[in-house]
Amino acid sequence: MGSHEPAQPALQDLENSFDIVQQQCDSCALLLELPESIYEIIRNPMRELQVSIPVKMDNGKIKVFKGFRVQYNDVLGPTKGGIRFHPDETIDTIRALAAWMTWKCSLLELPLGGAKGGVICNPRELSQGELERLSRGYVERIWNFIGPDRDIPAPDVYTNPQIMAWMMDEYSRLAGKNQFGVITGKPLYIGGSIGRNTATARGGIYVIVEAAKTSGMDLQKASLAVQGYGNAGFHLAYLAHDIFGCKIAAVTDQRGGIYNKNGLDPTAVFEHKQKTGSVIDYPAADNITNSELFCLDVDILCPSALENVITKNNAGLIKAKIIAELANGPTTPEADEILFDRNIQVLPDFLCNAGGVTVSYFEMVQNFNMLYWEEAEVFERLRKKMAYAYHSVLNASEKYHVNLRQAAYTVAVQRIADAMIMRGWV
Ligand code: GLU
């Protein structure tokens, strides 16, 4: 088992998220001096499933959708990760997201591996009935590969508790018995956990609190810009405003954004979005573009939508002192280097947005025990885990003299490597 030095690819602004994952793996393998056998396993997904899902549309015609489920690595336990419904979904994005789930669960010390699923579709163009038939059809195709002790899906981009309820119901129907533990992010009363719906944002807040202490920032005086106003982005803005009185200076969604230097009311903006379909044209604010949001003079910037939005083209223009990545994969490796040189604290995705899967894990524990926790217990357990993970990453960044993302990789991958050795995989 000789030590392996993978060739370090020239750092470039990669667009393909899975290429980015492999590049990040390469750097981590060098830092940890990982044996080749371990390294070869962790840079590839363990299992991939591609399915075609015929769905009867409201007009009576059959439309076939393409879906994926990638189970990346299960050395630490059954695989876990969300399902995205998105028109631009690709197998490579799902691979990358499944890898990040693997590191995320390891970093948070959850007894779980990583997975991700996706269906190429535009949920905005589907009726409720079509969405339900698609959700059930997807489960019908993958149900043999998932299960409470195998692989446990959850919500992600454009999927929600209602979709999780249909999926859990379909799996239970096929299994011939109630199987609440097969999916997390379910509504309350059918096995959901208190706090799951806001958990990604709340977990991010707990990490921001620790990061603010490290950089001496007073959160009560801090201003935020939030890119993406879905479940994570809205709740982050709402909680930051509500708990700390932070000023929410700007928010955007896929159509554009709004800015008010004196601060926005996150709930009123959300209601405006519900009514009009977008945050733009909110009264008492100026419209801005998504690119403008990244360059605003704010203390904290929160990318909360999709991948690859902070690149070498805008990393030099960012004025925020902390970037809290609620989205998965928002920053390219080249942008990471620029931000590190500029002394901007980037709270990496698989740390900062790990609150969602952490409360998903709590949901699984509650399902297995048929005993449900109160809100205060969920929040306190989450706070402890997030703060502990942040400090292990900070310590690793000091030990290896690397940025927080590389540090998070070392902590997460080292645990996975140790587990592979203990299980005799290598
Ligand atoms: N989709 C969320 C994530 O990317 C949550 C996954 C889960 O709860 O399993 O972390």
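The values are calculated or read from the model by the stated rules, or taken from the named source; none is laboratory data. Only a predicted model underlies this, so the values are computations on that prediction, with no experimental measurement involved. Here the Cβ is made from the backbone with ideal geometry for all residues, glycine too, and neighbour counts use every protein chain on show.
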**Prompt:** Taking segment 68-88 on its own, how many of its residues are within 13 Å of the ligand (Cβ to nearest atom) and of a type in the set (S, T, N, Q)?
**Reply:** 2
**Asked** What number of residues in segment 258-310 are under 23 Å from the mean Cα position of the chain (by Cα) and among the acidic types (Asp, Glu)?
**Response** 2
**Asked** at positive phi, touching a residue at least 12 places away in the same chain (Cβ under 8 Å) and of a type outside the set (A, V, I, L, M) - does that describe any residue in segment 157-170?
**Response** yes
**Message:** Suppose we filter 423, 342 for residues that are of a type in the set (Lys, Arg) and without any contact (Cβ under 8 Å) to a residue 40 or more places away in the chain; which single one remains?
**Reply:** 342
**Prompt:** Among the residues of segment 155-185, which ones are touching a helix residue (DSSP H, G or I) at 6+ places or on another chain (Cβ under 8 Å) and among the hydrophobic types (A, V, I, L, M, F, W, C)?
**Reply:** 163, 166, 167, 168, 174, 175, 180, 182, 183
**Asked** When residue 201 is evaluated against the numbered criteria (1) modelled with pLDDT of 95 or more; (2) away from the ligand (no atom under 11 Å from the Cβ); (3) in a loop (DSSP other than H, G, I, E, B), which criterion, by number, is the only one it fails?
**Response** (3)
**Asked** Out of curiosity, is residue 26 part of a loop (DSSP other than H, G, I, E, B) and within 29 Å of residue 335 (Cα to Cα)?
**Response** no
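Against the definition (within 25 Å of residue 199 (Cα to Cα) and without any contact (Cβ under 8 Å) to a residue 24 or more places away in the chain), how does residue 277 come out, yes or no?
Yes, satisfied.
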**Request:** Could you tell me which numbered condition residue 124 fails, if it satisfies all but one of (1) at pLDDT below 95; (2) not in a helix (DSSP H, G or I)?
**Result:** (2)
**Request:** Being surrounded by 19 or more Cβ atoms within 10 Å (Cβ to Cβ), closer than 29 Å to residue 122 by Cα and charged (D, E, K, R) is the filter here, so list the residues in segment 218-260 that pass it.
**Result:** 253
**Message:** When the residues of segment 183-198 are narrowed to those that are away from the ligand (no atom under 12 Å from the Cβ) and among the hydrophobic types (A, V, I, L, M, F, W, C), which ends up surrounded by the fewest Cβ atoms within 10 Å (Cβ to Cβ)?
**Reply:** 188
